[in-house]
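To start, the structure under review is shown below, and the notes come after it.
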Amino acid sequence: MGFKRLDAEDFLVSADAVSSTVWTSNSPTLSNFYTSSAQVGDRSGDYYYAVYQETPTAADAEVQFDIAFADKNGRGSLAYNPDVSTELSYSRTIYGQYRSLVLEDEDSDFSFGGVTTNQYFYVLSINRARYKEKLLPGSLNLSLAFSGKQLQLTDNSKDVTLPTFYGTQRAFEIVSGSGGTAYDGNGYAGAGGQSSTIGSYGLFLPDTSTIILNGAALDNTTYGLNLNTTLSANTDGLNSEKLFSAISQGSSFTLNSEETISSDFIFIRSRNSEFNYSENPSFIKGSTGEVVYDYFIDNPQVYPTTVGLYNDANELLSVAKLSRPIQKNFTKESLIRIKLDF
C-alpha cells in the first residue's frame, strides 16, 4: 500500500446537461389522454383533473399531468359558502396558489406578453414523478383543437435572448409556433402576433414544471379556440373539462425534461518509481517482511486493483475499483481517472 497527496490540478469539476422524455415509457409524444371518473367526481376534482396516458384502471396507467382552472375573482367554480361570499371558490384558491408560486407576491397580477387585464387562466402541472430536475425550454409542442379550430403552441425560448424572471424563476411566453420558435411575428394572439389586448398564449415555467395558458387567448374566436370559458360566479363551469377536451382532440403533447449532472474527476498519477511494491502476502514474508522472490527487489511486478481516497486524518473516505488489474513496475507509469457523480 502506498500513499500520495493529491494536488489542486488533480481535481476537475464538470457539469453536463442531460435531456430525456417526460412521459411514461419514455414516449416522446403523448397522444392519448384519460381522466378518472372517481377522481373527477371526488373533492379533488373541484380543484384539478388528473390526466393519464392509459385508462386509469390499466395496470400501467400513471398520472402524467394535472389540469386546473384559476380566476382572480373566483368565477367559473362553485363558492365554498355562497352565503359568505361568491368569490371565495376553488378557482380563486388555484389562482392564489399559482400567484404565490410564480409571482411570489399576493398583490401582483399575471402578465401575458405584457397584458395584465386578463386574470383567468388554465394550468398544466406536470406530475413530479415524470422528471428529475426541470423541463427543457424549446421542447414544448402542444396541439389543441376545439370548436373546429386548432392551435399549435410552444414556448419562445429560441426567439428571446433572456427569459423573464419572477424572483429566481425563469418564464418564457407561450406562443403560436413549434420547437421554441413562433410561426409569425412574436407568436402572440393577434394579427401578425401583435395583439395588445390579448397578449401571449401563456407562460412556460421550466423550473417548476408548470404551463399556464392565457384564458382570454384560448377564448378568442379569431386567434384562439373559442373555448367558451365559463366566467359566472358560483357556477361549476367545468372549465378544466373544456381544456381536457381541447388537448384530447389535439392528440399531440410533446415535452422533455432536463437534468444537470455534476461530476468530480480525480486524476491519480503514478510515476515509474511509485507504487511498485506491495504488502500482499504473496509479495512479502509475513513474519520477516522480506520480499518472497529476490528478483522482485530490483524488478517488482504488481497489479493494482483499488484506489482509496483518504483525508488528512488517514480516514478512508471512498474506494474506487478498477475494471481490471493493471501491471505496474519500474518501466511503466499509469494514469487513473476517477469520476464521482452527484
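The values are calculated or read from the model by the stated rules, or taken from the named source; none is laboratory data. Since this is a predicted model, take the numbers as computed values, not measurements. Cβ placement follows ideal geometry from the backbone for every residue including glycine, while neighbour counts extend to all protein chains displayed. These area figures cover heavy atoms from the full protein model, side chains too; ligands, DNA and RNA do not enter into them. Shrake-Rupley method; radii C 1.70, N 1.55, O 1.52, S 1.80 Å.
For region 29-96, just say rounded, prolate or oblate: build the C-alpha gyration tensor, square-root its eigenvalues into a ≥ b ≥ c, call rounded for a/c under 1.5, and beyond that prolate if a/b exceeds b/c, oblate if not. Prolate. Carbon-plus-sulfur accessible fraction, the chain (probe radius 1.4 Å, protein heavy atoms only): 47%. Taking trypsin sites (Lys or Arg not before Pro) across region 1-68, the ones in a DSSP loop with at most 15 further Cβ atoms lying within 10 angstrom of their Cβ are K4, R5.
Is region 89-227 best put as rounded, prolate or oblate by its Cα gyration tensor, with a ≥ b ≥ c the root eigenvalues, rounded for a/c under 1.5, and otherwise prolate when a/b is larger than b/c, oblate when not? Taking the square roots of the gyration eigenvalues as a ≥ b ≥ c, region 89-227 is rounded.
Once the chain from A38 to T57 is taken as fully extended at 0.36 nm per residue, the excess over their C-alpha distance is 5.8 nm. Here region 52-174 is assigned +1 on the Cβ of each Lys and Arg and -1 on the Cβ of each Asp and Glu. Its dipole about the Cα centre then comes out at about 260 debye. Comparing A59, A233, A246 in a Gaussian network model of the chain (Cα springs below 10 Å), the most mobile by mean-square fluctuation is A59.
Counting only protein heavy atoms and using a 1.4 Å probe, the accessible area of K242 comes to about 40 Å². When only the Cβ of Lys, Arg, Asp and Glu is charged (+1, +1, -1, -1), the dipole of the chain relative to its Cα centre reaches about 700 debye. Could you name the lysines whose alpha carbon sits less than 23 Å from that of K285, not counting residues in the same chain fewer than 8 places away? Candidates past the 8-residue exclusion: K328. Straightening the chain between E9 and S31 buys 2.8 nm, computed as 0.36 nm per residue apart minus the Cα-Cα spacing. Largest first, the extents of the alpha carbon coordinates of region 183-319 on the three principal axes equal 94, 37, 32 Å.
In the chain the Cα-Cα distances spread across 10 Å bins starting at 0 as 5, 20, 24, 14, 9, 10, 9, 6, 3, 0 percent of all pairs. Heavy-atom accessible area, probed at 1.4 angstrom with all protein chains present, ranks T57, T260 as T57, T260, highest first.
Solvent-accessible surface of region 13-168, averaged per residue with a 1.4 angstrom probe and all protein chains in place: 49 square angstrom.
Ranked from largest to smallest solvent-accessible area, with a 1.4 Å probe on the protein heavy atoms, D66, D159 come out as D159, D66. Across the cross-link table entries K132/K339; K72/K158; K158/K242; K4/K321, which are compared at the Cα atoms, the separations over 26 Å belong to K72/K158; K158/K242.
What the pair-distance distribution of region 26-182 shows, using all Cα-Cα distances binned every 10 Å from zero, is 9, 31, 38, 19, 2, 0 percent. Solvent-accessible area of T116, all protein chains in place: 70 Å² (probe radius 1.4 Å, heavy atoms, ligands and nucleic acids excluded). Under a straight-distance cross-link criterion of Cα-Cα below 20 Å, which aspartates and glutamates are reachable from K149, leaving out those fewer than 8 residues away in the same chain? Output for K149: D184, D219, E241.
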